[in-house]
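Okay, structure first, notes after.
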Amino acid sequence: MTTQNTIPLPETEIPNAARIYDYTLEGTFNVETDRQAAEYMFHLVPSTRKWVKLLRSFLQEVARELYAEGFTQFLDLGSGLPTTDHIHTVVPKARVIYCDNDPLTVEYGQALLKDVPNAHYILGDLTNPAEILDSPVVKSVIDPSQKVAIGLNAVLTHLRWNEIKSLAETLYGWAPDGSKIYETVETKEIGKTTPQFQQFLAIFQQAGSPMYMMSLEENMEVMRPWHFIRIEPVADYLERDRNYITEADREGVGLEFYAALLGKYGSGR
Ligand SMILES: C[S@@+](CC[C@H](N)C(=O)[O-])C[C@H]1O[C@@H](n2cnc3c(N)ncnc32)[C@H](O)[C@@H]1O
């Protein structure tokens, strides 16, 4: 899975999370500083690349499935870089709005999408979802008479319990009937940790984007009133071989990522 970078990148000493993620996906939208930061993370948690690739595969698979179900509008939240393996290339006929709270990611995103008329990139913080939903782009692109596919892929771990709760409730109040959320949830065994995993978490803490790990049950509770239609380990969702995830990939902390689909009114449409 490779991506093409079509805009120039600055030489910088400061790594950027979205460019690090792109390097993890073996894309070309990154600079040496990002690659060094990523390699240090792989050193601490070697399964990082494997998990991140699975998360991106889920994003692509679920976009295809939802489009096949008749979803023609996507509001993808906490999007990272809209490189050539993101939603607008998987379902090119759909209308897509990407959103991120990192201004640099949004700047890159808008540049990458400048020739893509049905994909847009907005700045927005998931801790203030009302502002995102009130934005002129959302108001002009999303047809409120049609169901919306709402994405929360690989982002909930950056939000606190009360922030997710408020986000879920606000999205539910706004979303047309029949809308669906696609999300992934990162979990680990409660109380289990290793020095490497602690160091890994400390990197995000120092970068100002701490990671909060919640259990699957907590996620199911906090996402109410959305109705869970499907939830399973991401490797199972993608029908990977049952030994695809090894004990080593769990990093001594019982690491697991779940993929889920949630619906409004549990309509299953
Ligand atoms: C791990 S990346 C996931 C990117 C993409 N969703 C994917 O699955 O490939 C998480 C993204 O969420 C963004 N993010 C983190 N906290 C956020 C918040 N409060 N509001 C909006 N975006 C946020 C980060 O800037 C980053 O680009």
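The values are calculated or read from the model by the stated rules, or taken from the named source; none is laboratory data. Predicted model only: the values in this text are computed from it and were never measured. Positions of Cβ are backbone-derived with ideal geometry, glycine not excepted, and every protein chain shown enters the neighbour counts. Each accessible area value is taken on the protein alone, full model and side chains, heavy atoms only, with ligands, DNA and RNA left out. Shrake-Rupley method; radii C 1.70, N 1.55, O 1.52, S 1.80 Å.
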- Task: Go through the residues of segment 208-215 one by one and say whether even a single one is closer than 19 Å to residue 53 by Cα, out of contact with any His (no Cβ under 7 Å at 6 or more places or on another chain) and either open to solvent by 50 Å² or more (accessible area, probe 1.4 Å) or acidic (Asp, Glu) (or both).
- Result: no
- Note on the structure: All-but-one check, residue 69 against (1) open to solvent by 10 Å² or more (accessible area, probe 1.4 Å); (2) in contact (Cβ under 8 Å) with a residue 40 or more places away in the chain; (3) within 15 Å of the ligand (Cβ to nearest atom); (4) within 28 Å of residue 167 (Cα to Cα), failing number (3)
- Among the residues of segment 100-115, which ones are more than 14 Å from the ligand (Cβ to nearest atom) and of a type in the set (A, V, I, L, M, F, W, C)? 111, 113
- Note on the structure: Considering segment 205-221, residues that are in a loop (DSSP other than H, G, I, E, B) and in contact (Cβ under 8 Å) with a residue 60 or more places away in the chain, and then whichever is nearest to the ligand (Cβ to nearest atom), we arrive at 209
- Message: Quick check on my filter: what residues within segment 81-99 are open to solvent by 20 Å² or more (accessible area, probe 1.4 Å) and within 15 Å of the ligand (Cβ to nearest atom)?
- Response: 84, 88, 89, 90
- Message: Regarding segment 185-207, can at least one residue be identified that is among the hydrophobic types (A, V, I, L, M, F, W, C), over 30 Å from residue 15 (Cα atoms) and touching a strand residue (DSSP E or B) at 6+ places or on another chain (Cβ under 6 Å)?
- Response: no
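Condition check ((1) closer than 28 Å to residue 161 by Cβ; (2) in contact with a helix residue (DSSP H, G or I) (Cβ under 7 Å, 6 or more places away or on another chain); (3) buried (at least 24 other Cβ atoms within 10 Å of the Cβ)) across all residues:
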{"site": "110", "(1), (2), (3)": "no, no, no"}
{"site": "125", "(1), (2), (3)": "yes, no, no"}
{"site": "129", "(1), (2), (3)": "yes, yes, no"}
{"site": "136", "(1), (2), (3)": "no, no, no"}
- Task: Could you pull out the residue among 128, 118 that is within 14 Å of the ligand (Cβ to nearest atom), without any contact (Cβ under 8 Å) to a residue 40 or more places away in the chain and more than 26 Å from residue 34 (Cα to Cα)?
- Result: 128
- When you scan segment 216-229, how many residues do you find that are closer than 12 Å to residue 260 by Cα and open to solvent by 80 Å² or more (accessible area, probe 1.4 Å)? 1
- In segment 37-49, which residues are more than 13 Å from residue 22 (Cα to Cα) and either more than 16 Å from the ligand (Cβ to nearest atom) or in contact (Cβ under 8 Å) with a residue 40 or more places away in the chain (or both)? 40, 41, 43, 44, 45, 46, 47
- Message: Consider segment 143-165. How many of its residues are of a type in the set (Ser, Thr, Tyr) and open to solvent by 50 Å² or more (accessible area, probe 1.4 Å)?
- Response: 1
